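The values are calculated or read from the model by the stated rules, or taken from the named source; none is laboratory data. Just so it is clear, the model here is predicted, and its values are computed rather than measured. Here the Cβ positions follow ideal geometry from the backbone for every residue, glycine too, while neighbour counts run over all protein chains shown.
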Amino acid sequence: MNIAIIGAGAAGLAAASVLQRTQSVTLFEQQSVVGGLWQTADNFKHTALYPSLRSNLPAGLMAFLDFPFQHHLIPPLEGDYPGPAAVAAYLQAYANHHQLTNKIQFNSDVTRILPINKTQWLIELADRPAQVFDAVIVCNGHYTQPNRPVIEGSTESALKISHAKDYINPDPFRGQRVLVWGSKASGMDLVREISTTAEQVYWCGHDAGRDALVRDKSNVSIHQDPVRLHRDDIQLTGGDHLTAVDQMLLCTGYQYQFPFLDDALIRVEDNLVHGLHQHILLAKRPTLAFIGLPYLVIPFPLFQIQSQWLNAVFTGQLQLPEAPQLIALSDAAVARHLAKPAEPRHFHRLGPDQLTYLAHLIESAALAPLPDTFLARLKAVHEIKLAHPQDFRAIELPTQTFLDPQPA
Ligand SMILES: Cc1cc2nc3c(=O)[nH]c(=O)nc-3n(C[C@H](O)[C@H](O)[C@H](O)COP(=O)(O)OP(=O)(O)OC[C@H]3O[C@@H](n4cnc5c(N)ncnc54)[C@H](O)[C@@H]3O)c2cc1C
């Protein structure tokens, strides 16, 4: 098959490294370099990352399963948790290792992906002729379109509201009273960083256990979600109020977007991408696939396993049911999710279910099992984060578990 891969971030590189073994692959990347989100050549203007960011996973767990993170890429001050430049360098090294660079069409903005005839796809590009492929793998990332929840009164309010996507450093918050909304990794990192310059940080959200993450920060207090803004007053879930807040920073996540796909082909509703089998394959036309949609996961290894599963489908090693049955399976998976108390938009948030998901992909496609080292590292990091939620990056990793094989 002749396969187009949209995006040369970590997901696109993983897909290409796996699929190129059995198929012909071409990657389209709108930037002039690989690395996606981790590329910060434009001084962090267009990425969700910021200069002081450190990975929230140690390099030894974050790395692709077939390519250890080369520690010489990480500046000593960053320890085991690399910053953006080191991860970008690692992704470039991965692309070199798998000889992917000559398969990438850089500065190629994919504007439309259209099904043509019974099986093929037309890829339209911003400034060059369209090209035809047998299959398309979408790896366009999902950290470019900020999710900005609408709060009653926010359009009339004079409160300055920004999103984590635009965050560069804590200077604009100096001496201010800042409401930070969102309790996941970005929320925690930015609350801690902003507390170094702000007068007061009100950390709003609905996840329990946040106090343990900021116990050492005397100017951070924990609150529920904001629900209504009125002049100087912010009403919170449960009836509490905050007053005299100067700025609000949204750490409320991002939205999936596929601007190059027609709504008739793919429907995204409340951040749930409908019609996919195993979060990967478009059930009604299973030559369109998506690598990297799940979040709250260990991303790079997950991208690889998803790609291996897809490779098994494309080579016929894994026989899937016909489209009508795949559609029914996909609808049933969504229905099961909607029947749970979880919010619809958390369909692709795997969290603790990621190992079950990976085990299913591995078993159904008869893939190699997850390496023991990966599982041991996952367990060790989980334990460290539980015991040291606020300063896990400062804790020494168990040396034996994190010993990488020396290059031959
Ligand atoms: C704040 C933050 C911190 C994170 N920290 C970690 C961490 O510590 N460890 C970890 O493993 N993961 C982390 N992640 C998760 C991160 O998503 C993954 O590491 C990974 O980089 C995602 O790769 P991707 O290829 O899916 O997306 P991206 O890196 O976004 O790559 C998508 C690529 O597609 C290209 N593209 C998009 N649209 C088009 C188009 N129309 N035409 C051509 N090209 C296109 C883009 O230019 C880009 O290069 C973090 C994410 C965020 C937001």
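Inside segment 253-292, can you point out the residues that are closer than 20 Å to residue 226 by Cβ, within 13 Å of the ligand (Cβ to nearest atom) and part of a loop (DSSP other than H, G, I, E, B)?
Of segment 253-292, the ones closer than 20 Å to residue 226 by Cβ are 253-255, 270-271.
When the remaining residues are screened for being within 13 Å of the ligand (Cβ to nearest atom), the result is 253-255.
The one that is closer than 20 Å to residue 226 by Cβ, within 13 Å of the ligand (Cβ to nearest atom) and part of a loop (DSSP other than H, G, I, E, B): 253.
Find the residue count for segment 1-52, including only residues that are of a type in the set (Ser, Thr, Tyr), at pLDDT 95 or above and in contact with a helix residue (DSSP H, G or I) (Cβ under 7 Å, 6 or more places away or on another chain). Residues that pass the stated criteria total 2. Considering segment 153-242, the qualifying strands (runs of 3 or more DSSP E), each wholly inside and each with 1 or more residues that are of a type outside the set (S, T, N, Q) and exposed (fewer than 15 other Cβ atoms within 10 Å of the Cβ), run over 160-163, 226-230, 233-236.
I need the helices (runs of 4 or more DSSP H) fully contained in segment 314-396, keeping only those with at least 2 residues that are in contact with a His (Cβ under 9 Å, 6 or more places away or on another chain) and over 19 Å from residue 184 (Cα atoms). Show your work before the answer.
Values: elements: 323-339, 354-364, 372-387.
It comes to 323-339.
Please find, among 82, 51, 68, the residue that is in the same structural domain as residue 307 (by TED's automatic domain parsing) and either among the small types (Gly, Ala, Ser) or loosely packed, with under 14 Cβ neighbours inside 10 Å (or both).
Numbers: 82 fails: either among the small types (Gly, Ala, Ser) or loosely packed, with under 14 Cβ neighbours inside 10 Å (or both); 68 fails: either among the small types (Gly, Ala, Ser) or loosely packed, with under 14 Cβ neighbours inside 10 Å (or both).
Of the residues listed, the single one that is in the same structural domain as residue 307 (by TED's automatic domain parsing) and either among the small types (Gly, Ala, Ser) or loosely packed, with under 14 Cβ neighbours inside 10 Å (or both) is 51.
Only a single criterion out of (1) crowded, with 18+ Cβ neighbours inside 10 Å; (2) within 10 Å of the ligand (Cβ to nearest atom) is not satisfied by residue 250, namely (2). Considering only segment 376-393, I want to know if a residue exists there that is farther than 30 Å from residue 217 by Cα and either within 22 Å of the chain's Cα centre (by Cα) or charged (D, E, K, R) (or both). Looking through segment 376-393, none of the residues is farther than 30 Å from residue 217 by Cα and either within 22 Å of the chain's Cα centre (by Cα) or charged (D, E, K, R) (or both).
Residue by residue, here is whether (1) over 23 Å from residue 251 (Cβ atoms); (2) in contact (Cβ under 8 Å) with a residue 12 or more places away in the chain; (3) out of contact with any Lys or Arg (no Cβ under 9 Å at 6 or more places or on another chain) holds:
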position: 120; (1), (2), (3): yes, yes, yes
position: 144; (1), (2), (3): no, yes, no
position: 164; (1), (2), (3): no, yes, yes
position: 168; (1), (2), (3): no, yes, no
position: 175; (1), (2), (3): no, yes, yes
